[in-house]
1. What number goes with the only condition from (1) out of contact with any strand residue (DSSP E or B) (no Cβ under 7 Å at 6 or more places or on another chain); (2) within 30 Å of A:H111 (Cβ to Cβ) that A:G17 does not pass?
2. Would you mind telling me which numbered condition in (1) open to solvent by 50 Å² or more (accessible area, probe 1.4 Å); (2) of a type outside the set (G, A, S); (3) over 30 Å from B:W326 (Cα atoms); (4) at pLDDT 80 or above B:V48 fails?
3. Starting from residues that are among the hydroxyl-bearing types (S, T, Y) and over 17 Å from the mean Cα position of the chain (by Cα), keep the ones in the range A:65-93 and report whichever is surrounded by the most Cβ atoms within 10 Å (Cβ to Cβ).
4. Report whether or not B:S322 is of a type outside the set (A, V, I, L, M, F, W, C), within 14 Å of chain A (Cβ to nearest Cβ) and either buried (at least 21 other Cβ atoms within 10 Å of the Cβ) or part of a loop (DSSP other than H, G, I, E, B) (or both).
5. Has the range B:177-186 got at least one residue that is more than 27 Å from the chain's Cα centre (by Cα) and surrounded by 12 or more Cβ atoms within 10 Å (Cβ to Cβ)?
6. Of all residues in the range B:248-278, count the ones that are crowded, with 20+ Cβ neighbours inside 10 Å and more than 10 Å from chain A (Cβ to nearest Cβ).
7. Can you tell which of B:Y359, B:Y346, B:Y351 is under 30 Å from B:A266 (Cβ atoms) and open to solvent by 80 Å² or more (accessible area, probe 1.4 Å)?
8. So A:M86 passes all but one of these: (1) more than 8 Å from every other protein chain (Cβ to nearest Cβ); (2) touching a strand residue (DSSP E or B) at 6+ places or on another chain (Cβ under 6 Å). Which condition number does it fail?
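The values are calculated or read from the model by the stated rules, or taken from the named source; none is laboratory data. The structure displayed is predicted, hence computed values, not measured ones. Cβ: placed from backbone, ideal geometry, glycine included. Neighbour counts: every protein chain shown. What goes into the accessible areas is simple: the full protein's heavy atoms, side chains included, and nothing from ligands, DNA or RNA. Shrake-Rupley method; radii C 1.70, N 1.55, O 1.52, S 1.80 Å.
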Amino acid sequence: MMGTNIIEINDLNKWYGEFHALKNINLKVKEGEIIVICGPSGSGKSTLIRCVNFLEKFQKGAIIVDGTALSDDIKKIRQIRSEVSMVFQHFNLFPHLNIVDNLTLAPIWVHHKNKKEAKEKALSLLDRVGIRDQAEKYPNQLSGGQQQRVAIARALCTSPKIMLFDEPTSALDPEMIAEVLDVMIELAKEGITMLCVTHEMGFAKKVADRVIFMDEGQIIEENNPRDFFVKPESKRLQLFLDQILSK
Amino acid sequence: MATFEQQTAKKAPNSEIGFAHWLRKNLFSNVTNSVLTVFALYVLYLIVPAIANWMLFDATFAPVNNEQCGREGACWRYIIEKLDLFIYGFYPAEGYWRVQWVLILALVFVWIAKRLKQHQYKLKIIAGLIIIYPIVAFFLLYGGLSLEVVETHQWGGLMLTVIVATVGIVASFPIGVLLALGRQSKMPVIRLLSVIYIEFIRGVPLITILFMASVILPLFFHEGMNMDKLLRALIGITMFQSAYIAEVIRGGLQAVPRGQYEAADAMGLSFLQKTTLIILPQALKISIPNIVGSFIALFKDTTLLLIIGLLDVLSMVHLSTSDENWLGRSTEGFVFVMLVMWIILYSMSRYSKALELKYSTEHKN
């Protein structure tokens, strides 16, 4: 299964005005790989994964997703976005639509599935994340953990090849983090390619194939999860691990 | 360790419930409040009986002429005699049924649209009605084919008020939405044009625009080329109103969080899909009170049509006060206009509240 590179990031550079946000990022992700990206806030990790589905534009370098290079061509961008799903820190569910309609929106309008088919799939996915009984409710009626599980189900609804997670548990109360991580761990076992920006080191140890540490817009260290936590090579990673593990 | 028995709920003491408690809590809670209550009651005592006497008990409804009508009460006979003029203006009496049918059709179409609910072709049917209705309504009002033509300068009264306000509201809404989106656009030319249009129109009073539409615009026409005065006024009002609606909707657009745009983008929705399915429904919901407020203002502004010689309901009343058979009855006329306006505008206001409620309860816990 682990064969071709599904994401290739070559010499990626991004500036916000004068600020150099990403510096010469090189990263290759194989199909089915689970990659966890961590680092202090402002290190560019969110910016990096937001470049993958072109929510952020970049000025230099190239990103190739599933054989298609990202460019200003909006058709190609939409094509890539239809295969890459994203889960956000603040869920970003659509408050004016109920849960089922949130899930079926992209399948119906982007993938041109018929309504009945899309709804059946949505309900089975809600079943999988354990909130089938909330299908007719509106997002604001659910707890944060439930909303994030809906967001994951929504992301899965289009059968994406790649899932991007942008700090999915950072906005949640502590008692709700576990229910979201459980869903993500289940997902990781199914062989979908995942790029996760997260500080949940337990999650990284359990399912990641590689863990990447970023600081000041650069990739500082990359390793398998066993060595990443036990034998950090760079000073900055040691410091970072000390800080988050001592909590 | 201590344990406690569960207690049963008991009735509240008498001082906390009942009418006496309500009075004390709301009207006589302290000295200032009590004084204000008494003072308010006294003012009401002065005003209410006087108004009631004038409007109802001393008023005349019977078919009499101006002299036989008493001076101490309102002479509603005058309103009844002039009602057709107030409602239809100088529209020929043989054609009143045409105006009535325009109204009946509007009600029927709204009823149909409401009955559809989840019908398969709901959107198509509603779109069809929205396109067909103005054509049918124009044909009925103006005439043509076998119907006798009634020129627009004969239109007037409440009918004209409602026509102008409705056309202004319906036409300005989509234009306003486009302008609001244009002002938010990433394309500099579109953004600049929208900003110039909105800021120019908002910087000019409606009267000026109406003057320009009726006096200056024809100067640019070739000889023999003639544009209907009502049409020019409608264009002017629509231009004016769309700039205001654009700003109201822009406020709503800005209140939609950025995450909503990003989530829609990340799914691969097109710009049109993102705008119509995700952004506008939320932005419009937020804007409902201000949109309706803007429409209410427009409805009142239609009285300015008098300036360019179109006679709305207020102008018709004003005109009829110089009828020598009914001299000295302007108070009745203006009270009548006030009541008609108030009923229409208050209904719009209530409708706005109902809409807000309809779209908000769904999301509350």
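1. Unmet condition: (2).
2. B:V48 satisfies all of (1) open to solvent by 50 Å² or more (accessible area, probe 1.4 Å); (2) of a type outside the set (G, A, S); (3) over 30 Å from B:W326 (Cα atoms); (4) at pLDDT 80 or above except (3).
3. In this case the residue turns out to be A:T68.
4. no
5. Yes, some residue in the range B:177-186 is more than 27 Å from the chain's Cα centre (by Cα) and surrounded by 12 or more Cβ atoms within 10 Å (Cβ to Cβ).
6. Number satisfying all stated conditions: 5.
7. B:Y359
8. (1)
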